[in-house]
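Accompanying notes for the structure given below.
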Amino acid sequence: DAKTTQPPSMDCAEGRAANLPCNHSTISGNEYVYWYRQIHSQGPQYIIHGLKNNETNEMASLIITEDRKSSTLILPHATLRDTAVYYCIVPGVRGSARQLTFGSGTQLTVLP
Amino acid sequence: DAGITQSPRYKITETGRQVTLMCHQTWSHSYMFWYRQDLGHGLRLIYYSAAADITDKGEVPDGYVVSRSKTENFPLTLESATRSQTSVYFCASSLRQGYGYTFGSGTRLTVV
């Protein structure tokens, strides 16, 4: 599995963009980057994933550097409900399925 | 209702008892997963399944048994519960590799 490194915590003002970085310098050419978040006591929620091109959906944007060694998840207008732990994951393949290995993630706190 | 459901939401059991946690999904997703989440360890993969009758061990399989006779169900059994298995258990499903996982709401298990 490619190891990912994220800052343990970040703050963001409500209404501003939240930019969450992730380093994955050992990622291989065909490995995707996935982002999930977990709001307190709930199951993790899929946000977005990408390979090399930037991606956008209704929740967020994902910017992947050209060398693919890092990425940034962008929440364009953070709200209080976006307070959660955000996980950047490069799934490994073992056995019969590609598996998600959750690290410590980044605790994002959106401040009023 | 469509989705992925876990039951029970809360369970208290005694050491040595057998307990089964249920997971049911209505999408006919091929892949299903069981994770446990403990303070200080994050989410750890217990078992996963790529299809009916195909199961594989994850990171922490000891003390657990799974089965998948039907695509929609993936029960997790603790054959002889121990206090160290006190945790929050999350089930997830995925249509196929490369797709995001959808997680259930979790089962909070306490072994006394």
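Looking only at the stretch A:29-44, residues that are farther than 20 Å from B:Ser87 by Cβ and either of a type outside the set (S, T, N, Q) or touching a Lys or Arg at 6+ places or on another chain (Cβ under 9 Å) (or both) come to 7 in all. For the stretch A:15-44, a tally of residues being surrounded by 16 or more Cβ atoms within 10 Å (Cβ to Cβ) and free of Cβ contacts under 8 Å to residues at least 12 places away in the same chain returns 1.
Of everything listed in (1) within 9 Å of chain A (Cβ to nearest Cβ); (2) in a loop (DSSP other than H, G, I, E, B); (3) not small (Gly, Ala, Ser), the single unmet condition for B:Phe90 is (2). Restricting the first member to the stretch B:52-78 and to residues that are in contact (Cβ under 8 Å) with a residue 60 or more places away in the chain, and the second to residues that are in a loop (DSSP other than H, G, I, E, B), the beta-carbon pairs closer than 9 Å and six or more apart or on different chains are B:Leu78/B:Arg17; B:Leu78/B:Gln18; B:Leu78/B:Gly63. I'd like to know if the stretch B:33-41 contains one or more residues that are facing chain A (nearest Cβ under 9 Å), among the small types (Gly, Ala, Ser) and under 22 Å from A:Pro91 (Cα atoms). Checked the stretch B:33-41: no residue is facing chain A (nearest Cβ under 9 Å), among the small types (Gly, Ala, Ser) and under 22 Å from A:Pro91 (Cα atoms). When the strands (runs of 3 or more DSSP E) confined to the stretch A:1-109 are screened for residues that are farther than 30 Å from B:Ala51 by Cβ, those reaching at least 2 such residues are found at A:9-13, A:18-23, A:61-64, A:70-75, A:84-89. Inside the stretch B:58-67, can you point out the residues that are facing another protein chain (nearest Cβ under 8 Å) and over 12 Å from the mean Cα position of the chain (by Cα)? Answer for the stretch B:58-67, where residues must be facing another protein chain (nearest Cβ under 8 Å) and over 12 Å from the mean Cα position of the chain (by Cα): just B:Glu59. For the stretch B:45-81, filtering for residues that are part of a strand (DSSP E or B) and not aromatic (Phe, Trp, Tyr) leaves 15. You will find that of B:Val19, B:Val65, the residue that is more than 21 Å from A:Leu100 (Cβ to Cβ), loosely packed, with under 15 Cβ neighbours inside 10 Å and β-branched (Val, Ile, Thr) is B:Val65 and no other. For the stretch B:6-32, which positions are at the interface with chain A (Cβ under 10 Å from one of its Cβ atoms) and over 13 Å from B:Lys70 (Cβ atoms)? Listed by number, the residues that qualify are B:Gln6, B:Tyr31. Can you name the residue in the stretch A:60-112 that is away from chain B (no Cβ under 13 Å) and free of Cβ contacts under 8 Å to residues at least 24 places away in the same chain and is also surrounded by the fewest Cβ atoms within 10 Å (Cβ to Cβ) among such residues? Across the stretch A:60-112, the extreme among qualifying residues is A:Glu66. Taking the criterion of being at pLDDT 95 or above and within 14 Å of another protein chain (Cβ to nearest Cβ), the residues of the stretch A:5-34 that qualify are A:Gln6, A:Pro8.
The values are calculated or read from the model by the stated rules, or taken from the named source; none is laboratory data. All values reported here derive from a predicted model rather than from experimental measurement. Glycine gets a Cβ as well: all are built from the backbone with ideal geometry, and neighbour counts include every protein chain shown.
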